[in-house]
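Chemist: First the structure, then my questions, so here it is.
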Amino acid sequence: MISETSFYKLMLLYHVYVILYRFLFPMVNKDDHYFGGDWKYLTHWNAMVQILYYLLNGMLAFNCDWKDKSVYIRSHIFSCLVFPLAGFVTVMFWTLHSINPSLVIDPNSEYQETAWLNHMKHTYVIFWPVGELLIINHTYPPNFIGSISAFFVSALYMLWVHIIYFVDNFWVYPILQNFGLFERLMFCCTIISFYQAFYLMGKCANSFIHGNKFKFIKLELDSV
């Protein structure tokens, strides 16, 4: 079994490659002149989170003192941001794409991604958090704190999607233009619920794989 240090060093190398790839082949839609740029998309949020997270862990792998001191913070970031965000992006994109590709990709746009680039953004991103979950035992935060953190991330993005619409009259995801106010509210609640589900899925999987005691109902603020 690969060690934690070796895993993070491999992730460091991979994400350096990702940075070089993005620099040499910019993922920019020239037809996109709307507010927010690439930051409109949760896919871009996920890519930046993974790049920063794995670069940080890769560098800390060479410094045991800092790695040990930051273990709780890094576990919190992984549990509430890295794992649920990657799972959400992959599952939601391919679910909507399988129903109707136009729900996530504008068929009228001249900008069309290659299959490799599409998989890099929407498929491969889940492999690394799942691999990390299998290899490394994470210290998940107490239930309330973890759930609030996960809620904040998903709710913040839903707010951001609506800010973009109010500024530029543009829906980030084409499916939203077919919804009324009530349907959009239900859509937001569904998105937030799914994100919470991915957070809990990660917590349960971590407990099952590494034999941790998982307490879902009882809140213990004095332990993690």
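All of the numbers you see were taken from the coordinates with simple rules; none came from a lab. Quick caveat: nothing in here was measured; it's all calculated off a predicted structure. Cβ coordinates were reconstructed from backbone atoms using ideal geometry, including for glycine residues, and neighbour counts include every protein chain displayed.
Chemist: Compute the normalised compactness of region 4-210: alpha-carbon radius of gyration over 2.2 N^0.38 Å, N being the residue count.
Modeler: The reported ratio for this selection is 1.06.
Chemist: Can you list the residues, at least 5 places off or on another chain, whose amide H is less than 5 Å from the amide H of Phe35, using H built in the peptide plane?
Modeler: none
Chemist: What is the fewest-to-most order of Thr95, Thr5 by other Cβ atoms lying within 10 Å of their Cβ?
Modeler: Thr95, Thr5
Chemist: Under 29 Å between C-alpha atoms is the cut-off here; go through region 4-210 and count lysine pairs that meet it, provided they're at least eight residues apart or on different chains.
Modeler: For region 4-210, the number of qualifying lysine pairs is 12.
Chemist: May I ask you to sort Leu81, Leu181 by Cβ crowding, counting other Cβ atoms within 10 Å and putting the fewest first?
Modeler: Ordered from fewest to most neighbouring Cβ atoms within 10 Å, Leu81, Leu181 come out as Leu181, Leu81.
Chemist: Test of understanding: ordering Cys80, Cys188, Cys204 by Cβ neighbours within 10 Å, fewest first, what list do you get?
Modeler: Cys204, Cys188, Cys80
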